[in-house]
Amino acid sequence: MKLTRRVKEILSNYESDNPGTKANLARILMEGRLGGTGKMIILPVDQGFEHGPARSFAANPAGYDPKYHPQLVVDAGLNAYAAPLGMMEAAADVTAGQIPTILKMNSANSLSRTKEGADQAVTANVRDAIRLGCSAIGFTIYPSSDAMYEQYEEIRDLSEEAKEYGLATVIWSYPRGGSLSKEGELAVDIIAYAAHMAALLGAHIIKVKLPTDHLENGEAKKVYQQKEIPISTLADRVRHVMEASFNGRRIVVFSGGAAKGVDSVVEDARAIRDGGGNGSIIGRNSFQRPREDALQLLDTLVKVYQGKA
Amino acid sequence: MKLTRRVKEILSNYESDNPGTKANLARILMEGRLGGTGKMIILPVDQGFEHGPARSFAANPAGYDPKYHPQLVVDAGLNAYAAPLGMMEAAADVTAGQIPTILKMNSANSLSRTKEGADQAVTANVRDAIRLGCSAIGFTIYPSSDAMYEQYEEIRDLSEEAKEYGLATVIWSYPRGGSLSKEGELAVDIIAYAAHMAALLGAHIIKVKLPTDHLENGEAKKVYQQKEIPISTLADRVRHVMEASFNGRRIVVFSGGAAKGVDSVVEDARAIRDGGGNGSIIGRNSFQRPREDALQLLDTLVKVYQGKA
Amino acid sequence: MKLTRRVKEILSNYESDNPGTKANLARILMEGRLGGTGKMIILPVDQGFEHGPARSFAANPAGYDPKYHPQLVVDAGLNAYAAPLGMMEAAADVTAGQIPTILKMNSANSLSRTKEGADQAVTANVRDAIRLGCSAIGFTIYPSSDAMYEQYEEIRDLSEEAKEYGLATVIWSYPRGGSLSKEGELAVDIIAYAAHMAALLGAHIIKVKLPTDHLENGEAKKVYQQKEIPISTLADRVRHVMEASFNGRRIVVFSGGAAKGVDSVVEDARAIRDGGGNGSIIGRNSFQRPREDALQLLDTLVKVYQGKA
Amino acid sequence: MKLTRRVKEILSNYESDNPGTKANLARILMEGRLGGTGKMIILPVDQGFEHGPARSFAANPAGYDPKYHPQLVVDAGLNAYAAPLGMMEAAADVTAGQIPTILKMNSANSLSRTKEGADQAVTANVRDAIRLGCSAIGFTIYPSSDAMYEQYEEIRDLSEEAKEYGLATVIWSYPRGGSLSKEGELAVDIIAYAAHMAALLGAHIIKVKLPTDHLENGEAKKVYQQKEIPISTLADRVRHVMEASFNGRRIVVFSGGAAKGVDSVVEDARAIRDGGGNGSIIGRNSFQRPREDALQLLDTLVKVYQGKA
Amino acid sequence: MKLTRRVKEILSNYESDNPGTKANLARILMEGRLGGTGKMIILPVDQGFEHGPARSFAANPAGYDPKYHPQLVVDAGLNAYAAPLGMMEAAADVTAGQIPTILKMNSANSLSRTKEGADQAVTANVRDAIRLGCSAIGFTIYPSSDAMYEQYEEIRDLSEEAKEYGLATVIWSYPRGGSLSKEGELAVDIIAYAAHMAALLGAHIIKVKLPTDHLENGEAKKVYQQKEIPISTLADRVRHVMEASFNGRRIVVFSGGAAKGVDSVVEDARAIRDGGGNGSIIGRNSFQRPREDALQLLDTLVKVYQGKA
């Protein structure tokens, strides 16, 4: 597999990593129809933990089968598949050698009465990722929650171990909890801060939600206004998040959240592309649609990132 | 021992497991009168921890002897025996080489004043299971309890270690505690969620209680009604739980709870069979009956799963 | 040393143990004047932690010297000596090769203001027992206390390590704390439950207090009355505790508590013997008496267990 | 590289350290324009964690790039660069072989609602420092905070491991929290105590803030007044802090805090020099200025420590 | 170095220890002007942690230098020097080969707002003691405090590791906190209990404060009165503490507390000697005096223990 110039350029930003980790990043960047472009689409399926099986899969019952999802990644030509331990184990013969995988290491669930964002359970070990042939580990942090520092210390150890084994680290950085307002969870200053902290924690790939133009923190608001940091369009805000992610030296993908209309998803992707983001991580919007609809949507998204739509 | 086609089919769902773990699953699936059918009956004896010796064994004092129970498994032609550390140690010469065993790793007890479902003590290590020649470890989780995340992290480590040693993992998934209502503990949406989370945690065999047609969670209720998921008969609900367990790719056995009439137990088994469940885990309903009565009941259950009753 | 038939019979109940552990159990069972009979008397000296030096030893100041106690074991022909780390270290030349020893691993003390039964400090490691040439570790659990589950997890690890090294495990099982009434601490249903849980936790030798005929737990009371379990005499209750201890497959010794009259101590021993118990663990009643009185009392107890008194 | 007499003299104070640690201290002391003088200026960039990206770097957007900062260290001829994990990883090719680096091991952030000083997250391991070729680890303690003892135990283990690997330990000692008044955070008795505790914890290099002449602790106040310890000028107070740091046997650098005027920064440096301090650690005052301004300010500071300004 | 008969006699009490630990005890017992007599004076300098630098050293500013103290031990001909990590590191060339050292492993400090006696930070590891060539580790416990059990478990592990490496264990046993009255901290029943527990925890050398004739515990009081244990003179009380310390089989040294008059210190030493105690541990009373005064006082104390004053 010959790496493209663009992928080599991206890899050159990971100058401290060992060849194993670089190879795994390259695998993700070279996979599928966006392979070699520096753009990527990742399919994450961790809704089963979050909302239970019926709320996740009844809309498209084929999704109850753990083999459905990685096959969708193969067929749609996406870059990687992310899932928790059991899902990954149950589809090992689909993923092995076919597509890069990201073992999702922690999860919350809706049966918990701990306040939203309070914590997650770490449900896999790095050695699980190794035996399952994964390319990366995935971990969610909740910046601003009361569990934040504990989560940072968990990913510190998991990530150090992963890097030693030549795996990459993907951090889902979702501000919530603590003294943050509901609106603040998507505020551009907070999302940029969340992306920056994921970078500081040593993430190779950062996943954040698309930010609004709300500014949450008083001190930060002054700076944004005084320095006239452009945040009025979604593309502006994506650009700012990339800046906050080591000036674009880290891969950042954006999520769309709950299932919604095709136009809206496509529009988001165009803004990500125009703002210099690296791509989309798109779960419910793909697996909760019938397979043909999902393939069509994903085809459109691929074209957006190819600059053809 | 030549595996049947059905057992090979079931084993093929465990594609990520090492040969040791597959062999131990095969041992359980090939043991006894249901050996080779893909169906199974397991005898668990952990009531001593839960309710104390007299409440567990006075009804049938032969049960005070730890050798009584595995001998019952042998004589009734069941698939496996599950018990805590001390019980397993004290009957090692009965089980060794004769029947597959599952070391029950955690237990609650009725002397505790922590609220029901709050927690359990982990009373054995994986190395104990190894030295006792067990085929699997067994672990109880209480989805929705405040101890849920901690329990998920305990089974994560135990299960990873067990799989490394070639043992299988059996998860007892009993929703309780937290904000769950008493009725909700058996609600079909909650039981399906509990089975799904056990699968996500990497269980090879899942044990849940038989669900009622109650729907506990408001968001889930909408989905069940909108998608018209059939839950009116017990067989329907068993079928839904199997679907939630990776579309049947994981072995699921159902428990009956407190000792009750023979007809009721047999009726339950027929529903499990008709819904595509893998079998029964039946404790108090066997060891609290006189030995001859127990053997007769177990004989009937075997026949149900053989399709002869 | 040729084992007696009775000792071989007892050892045969420990079928999962390695030769090292069996040898250490044999050493305890073959030591002293009761050696070979299957009966035993153990001298425990952990009062210093519990009540301080003056309350423990001023009654018989010779006891301030850590060498006094193991010498008493030698001279009275008892089976084993149990003590905390420092006591054991300071008398290593008396015990080494002369008598089997049990390193007491945890202790409470009366300066603590945590509620009685709330917890104990673990004051020794298994490696200490190894370097001190001990035959067993000893550990106290408080069934029903709020620290119960944590204590079960502590003894799980200590006992697993001890068994790996060929040591035996002795569990002091003292119900207290939590929602238990003061009277309930000695209730026969609770003592039987406590003995049963010690057996489930993997104890080779169980130590409980002599039970009264009180029944504490409502559900249990129904069973005792309905099944007409005999509990009216002390020998009946000892017999029931033995039944709860894997139907007599585990060694159980009984303690007498605070120093009291000779007749009372001897009467207790007769009931233990008649109920099928394995013997006495007798601390303050021996070391708080002048040496000659203690030797005389111990001689009488030995004769009781020999069936000569 | 031939060490100067002054550097050899300083190194001789670290008589318990292994050659690896001494070599790393020597690297820091010999680097840049102050190399060999015993004085040093360190550039720390951990504001991203503390205040987020925009508040840290919008004033001088070049700073969003992690390579900007170590290049500034090279170009200004400073002694060392300190940063958290991700920043250090992303600039590994700038630092490797060019400048000594200090991996900042823990950080607080302004999204946390735990009270100021309550705690920090440890976001890197010593093995990270090793693989990144760092010369030292950096760790913040909050003397007087409720997290103080836990922090002391964290740095105990990190520092022991670092020393074993031949790395040096830098402790940021910032009194705050607990019963300390806001004014007390800079009180000279408290800053001297904080420096002394960092020395007792085994720090090679201590970083404290410049103290005021406030005296916080009643008992200490009596001693300062009775013994007439000079604290009226800033140079006096620096001298006292050096005394409290093992009579000058430990390297102590002082920080200036928030960005402020050039004159003020230079005046501080003169006091540090005149009081016998080892130098400045200067973050926001350098990287929040445009590069040319920063280089000019740093040039002046270098000259102050060279005795030329 | 030929051991005296008295030292051999003392060493014979440590019959479970390995030759390494015995050698280190011998080093302490044979060092200085009291070498060989079985008596000892130890200089501890951990006041910097407890009260800060000015309150500790302004009275005699030479003490700011970590090399001052071990040199005082050399010059006064004392037996050993005890200090925390940083102090010990900074004077390694003074101590190495010249005097036995005790690494103080834990410390409280007066900036903490946790209640007195609530806890201490463990600020060194046993491996630090090894690399610094120490003869022993030193550890403070607070019997009766709420942190007591946790402290017992800390010293359990540290001491086991130290003994494995051939180091000795010194326990500072200071009753405080919990339900203890202020007067009770020095009550003779409590001090004897504290010394006894230190012995039970495996200490080779025990340090307690000199007790008053107050009796704190009601149950204990009855015993002291009934058994007429002599406690009216200080020498009586020292004798009782020695009895509580395994009948004199453990080395016990006594501390004097805050700096006070020469006569008072000397009088204390005579009582320690007359009561059979092993010596003094004397900190502030030596290093807070001018060097010449301290040497004179220490000379007098040496003579007291030599029976010449």
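The values are calculated or read from the model by the stated rules, or taken from the named source; none is laboratory data. All values derive from a computational prediction rather than experimental measurement. Because the Cβ atoms are built from the backbone with ideal geometry, glycine has one as well, and the counts that use them run over all protein chains shown. SASA here: full protein model, heavy atoms, side chains in, ligands and nucleic acids out. Shrake-Rupley method; radii C 1.70, N 1.55, O 1.52, S 1.80 Å.
Numbers below:
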{"quantity": "Test: C:G138 is open to solvent by 10 Å² or more (accessible area, probe 1.4 Å) and either in contact (Cβ under 8 Å) with a residue 12 or more places away in the chain or not small (G, A, S) (or both)", "calculated": "no"}
{"quantity": "Single condition D:R131 does not satisfy, out of (1) more than 23 Å from D:S255 (Cα to Cα); (2) touching a Ser or Thr at 6+ places or on another chain (Cβ under 6 Å)", "calculated": "(2)"}
{"quantity": "Boolean, E:P230 is without any contact (Cβ under 8 Å) to a residue 60 or more places away in the chain and either open to solvent by less than 10 Å² (accessible area, probe 1.4 Å) or among the basic types (K, R) (or both)", "calculated": "no"}
{"quantity": "Condition check for D:E164: modelled with pLDDT of 95 or more, open to solvent by 10 Å² or more (accessible area, probe 1.4 Å), more than 29 Å from D:N18 (Cα to Cα) and of a type in the set (D, E, K, R)", "calculated": "no"}
{"quantity": "Listing of helices (runs of 4 or more DSSP H) fully contained in segment E:250-309 that carry 1 or more residues being without any contact (Cβ under 8 Å) to a residue 12 or more places away in the chain", "calculated": "E:262-274, E:291-305"}
{"quantity": "Single residue of segment A:233-264 satisfying the filter (modelled with pLDDT of 95 or more, more than 16 Å from A:Y174 (Cα to Cα) and more than 14 Å from chain D (Cβ to nearest Cβ)) that is most open to solvent (accessible area, probe 1.4 Å)", "calculated": "A:T233"}
{"quantity": "Options C:G178, C:G218; residue that is at positive phi, of a type outside the set (D, E, K, R) and surrounded by fewer than 21 Cβ atoms within 10 Å (Cβ to Cβ)", "calculated": "C:G178"}
{"quantity": "Neighbours by Cβ (under 8 Å, 6+ apart or cross-chain): first from segment A:191-209, without any contact (Cβ under 8 Å) to a residue 24 or more places away in the chain; second surrounded by 24 or more Cβ atoms within 10 Å (Cβ to Cβ) and assigned to a helix (DSSP H, G or I)", "calculated": "A:L200/D:G48; A:L200/D:F49; A:L200/D:L85; A:L200/D:G86; A:L200/D:M87"}
{"quantity": "Options A:L158, A:L186: the member that is in contact (Cβ under 8 Å) with a residue 24 or more places away in the chain, under 23 Å from A:A80 (Cα atoms), open to solvent by 10 Å² or more (accessible area, probe 1.4 Å) and not hydroxyl-bearing (S, T, Y)", "calculated": "A:L158"}
{"quantity": "Residues within segment B:111-140 that are out of contact with any Pro (no Cβ under 7 Å at 6 or more places or on another chain) and farther than 30 Å from B:V74 by Cβ, tallied", "calculated": "8"}
{"quantity": "Given (1) within 15 Å of the chain's Cα centre (by Cα); (2) within 14 Å of another protein chain (Cβ to nearest Cβ); (3) not acidic (D, E), index of the condition B:N278 fails", "calculated": "(2)"}
